[in-house]
Every structure is written in structure tokens, then in C-alpha cells.
Ligand SMILES: *Cc1c(COP(=O)(O)O)cnc(C)c1O
């Protein structure tokens with residue numbers, strides 16, 4: 001697969017200069033048109049493990065607008081791997097789903113009720129039963145399973161490598177949190193003088209405090225902020241949408257309302273409210289999620 005090294009550069013936005021805070025961005029969004037951002041990092045060791053497993057098919061999960069499914073489908077196509085996507089909810093058509101199909105990913109839509117059980121011990125049997133009912137008898141043993149969002153131990157080994165590409169001094173590293181696997185990776189490599197800020201995109205008070213540790217991260221020097229979820233996952237507001245458009249037109253950097261929009265909105269708001277001290281350096285990780293389908 002062809003990846004470009006993510007750029008690390010200083011950025012400026014209206015009102016930041018007068019606060020005397022230096023802001024940097026790591027452009028993980030530009031490494032590949034479809035396998036980008038943290039989904040690229042999370043797949044690296046999962047694909048290695050798949051190759052070594054001797055299994056035939058990668059099976060993974062996601063919603064109908066899943067950046068993770070896009071990355072898995074594109075990576076499978078490039079490597080000639082077989083892949084199956086289990087999609088939450090009723091069958092729909094949208095540019096994401098069309099892209100997954102064009103990449104050759106086999107898709108199965110399952111009800112939200114069944115999908116909710118995906119992390120239960122008996123789930124392989126439940127899914128096999130459901131797929132048989134849908135006319136697709138499968139042998140679950142053929143599958144190499146990657147969890148929703150790609151977030152497992154192998155993923156965290158990949159996300160910690162984000163730190164290798166932050167090539168300048170920084171006091172803070174800020175990232176959006178969906179499952180917490182990206183923040184967990186970053187947390188393993190923080191220097192004692194550095195702090196990481198996770199902006200929760202979910203309305204889930206206290207969720208990440210236990211998730212970061214469960215995923216093998218280190219909660220020391222981590223701050224989780226739950227003030228910018230805008231009502232919950234995929235929820236939004238006119239102010240957030242305006243911010244994304246403004247940010248794009250001023251900086252030329254595209255952000256979206258699910259993850260990076262909330263992250264940049266939060267950091268902008270924190271800067272303007274003097275959360276950071278004069279002279280401090282803040283690095284924002286652009287985790288991708290913007291596609292030209
Ligand atoms: C998946 C995703 C996230 C969330 O990352 P986690 O490691 O699950 O916390 C953040 N930003 C973008 C663009 C994503 O696609």
C-alpha cells in the first residue's frame with residue numbers, strides 16, 4: 001500500500017495568535033485517500049496478524065457511514081484480501097456503502113438488536129445463525145475478526161506510532177475519542193512533561209477513563225473532556241457545522257462534524273477561554289474521515 005508520511009506543521013486560525021498559543025497539526029488525513037487517519041494506524045498490525053493467522057476472510061463491523069469499514073475495504077482491495085462487513089441496521093444505499101461494494105467487500109446488514117450483542121461471548125453463534133437465516137451459511141472459523149472501529153490491542157500498537165511523526169516539541173496532544181484506541185496508543189508514549197487531551201465525541205461521562213486502561217493505555221497525564229459531544233455520537237448543531245465550514249475556508253483543511261469538527265471546535269474554544277498558558281504548544285491530530293467518493 002502506498003502511504004505518504006503525515007505532515008507535521010504549524011497552523012493558525014482566527015483569534016489564536018493573540019492568545020500566544022502555538023498550534024500544530026499532524027495531517028494523518030493525507031496519508032492515503034481511503035486508508036487514512038487513525039484507521040490506517042489501527043489496521044497496520046491487524047493486517048499483519050491476519051496474514052499470519054491463515055484465515056481466509058477479514059470480518060469486521062460498523063455503521064453505514066463507518067470510516068473503519070472504508071479503510072478495511074480499501075486495504076482488502078489493495079492486498080487482494082477477502083473481506084466481509086457486518087453493517088448495523090437496515091439495508092441502505094449511500095456513497096459509503098457503494099464504495100465498500102465497489103472494493104469487493106461482502107456486506108451483511110443486521111438489526112440493531114443483534115448488532116448490540118457484538119461483543120458478547122456467544123456472538124459468533126448468533127451471527128452465524130442470523131447469516132444462515134439470510135441465506136449465507138458461513139463457517140465462523142474462516143474469519144479473522146477485527147472489532148468495531150478496529151479497536152483492539154494490535155490497533156493500539158499502531159496508534160502509538162503516531163508519536164513518531166510528531167517531530168517537534170509540544171506540551172499537549174489533542175485527539176477525538178470514539179473508542180479511545182487512538183488516545184490509548186498516544187498515552188503510552190507521552191513524555192512526563194506532556195499531556196494528552198481526548199475530546200469525547202460521545203455523550204458518555206466517565207466511559208474513556210476505564211476504556212483507555214482496558215485498551216492497554218496509561219491514564220497518567222490524560223485529560224478527557226466531555227464538554228464538546230454536541231448531544232452524542234453523530235449529533236451536531238448549526239454552530240458546529242458553521243465552524244467546520246469556516247475552518248475549512250480559512251485554513252484549507254477539511255474537517256467533518258462527527259470527529260475532527262468536534263475536536264477542532266473544542267480546541268478553538270479552549271484556546272479562546274485561556275485554557276492554555278501563553279507560549280504553550282498544542283498538537284492536534286487530524287484523524288481523517290473526509291472522503292471524495
Ligand atoms: C474512528 C475515528 C476516530 C475515533 O478514534 P478512536 O480510536 O476510536 O477513539 C476519530 N476520528 C476519526 C476521523 C475517525 O474515523
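The values are calculated or read from the model by the stated rules, or taken from the named source; none is laboratory data. Just so we're clear, the structure is a prediction, and the values are computed from it rather than from any experiment. All Cβ positions, glycine included, derive from the backbone under ideal geometry; neighbour counts span all protein chains shown.
Select, from 58, 35, the only residue that is more than 16 Å from the ligand (Cβ to nearest atom) and either in a helix (DSSP H, G or I) or crowded, with 16+ Cβ neighbours inside 10 Å (or both). Matching residue, one of 58, 35: 58. Screening the candidates 37, 15, 85, 63 for the property of being touching a strand residue (DSSP E or B) at 6+ places or on another chain (Cβ under 9 Å) and at positive phi yields one hit, 37. Might you let me know whether region 257-277 holds any residue that is in contact (Cβ under 8 Å) with a residue 60 or more places away in the chain, surrounded by 15 or more Cβ atoms within 10 Å (Cβ to Cβ), in a loop (DSSP other than H, G, I, E, B) and at positive phi? No, region 257-277 contains no residue that is in contact (Cβ under 8 Å) with a residue 60 or more places away in the chain, surrounded by 15 or more Cβ atoms within 10 Å (Cβ to Cβ), in a loop (DSSP other than H, G, I, E, B) and at positive phi.
Conditions tested, residue by residue: (1) closer than 14 Å to residue 42 by Cα; (2) more than 14 Å from the chain's Cα centre (by Cα); (3) surrounded by 22 or more Cβ atoms within 10 Å (Cβ to Cβ).
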site: 127; (1), (2), (3): no, yes, yes
site: 137; (1), (2), (3): no, yes, no
site: 179; (1), (2), (3): yes, no, yes
site: 185; (1), (2), (3): yes, no, yes
site: 195; (1), (2), (3): no, yes, no
site: 207; (1), (2), (3): no, yes, no
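Of the strands (runs of 3 or more DSSP E) entirely within region 107-201, those holding at least 3 residues that are in contact with a strand residue (DSSP E or B) (Cβ under 6 Å, 6 or more places away or on another chain), within 13 Å of the ligand (Cβ to nearest atom) and touching a residue at least 24 places away in the same chain (Cβ under 8 Å) occupy 172-177, 195-200. Considering only residues of region 70-82 that are free of Cβ contacts under 8 Å to residues at least 40 places away in the same chain and in contact with a strand residue (DSSP E or B) (Cβ under 8 Å, 6 or more places away or on another chain), which is nearest to residue 142 (Cα to Cα)? Ranking the qualifying residues of region 70-82, first place goes to 82. Does residue 216 satisfy the condition of being within 25 Å of residue 166 (Cβ to Cβ), in contact with a helix residue (DSSP H, G or I) (Cβ under 6 Å, 6 or more places away or on another chain) and surrounded by fewer than 21 Cβ atoms within 10 Å (Cβ to Cβ)? Answer is yes for this residue. For the structure I just gave you, tell me whether residue 234 is under 16 Å from the mean Cα position of the chain (by Cα), closer than 24 Å to residue 148 by Cβ and not in a loop (DSSP other than H, G, I, E, B). So residue 234 fails the test.
Looking across 67, 79, 94, one residue alone is at pLDDT 95 or above and either surrounded by 23 or more Cβ atoms within 10 Å (Cβ to Cβ) or within 17 Å of residue 178 (Cβ to Cβ) (or both). It is 67.
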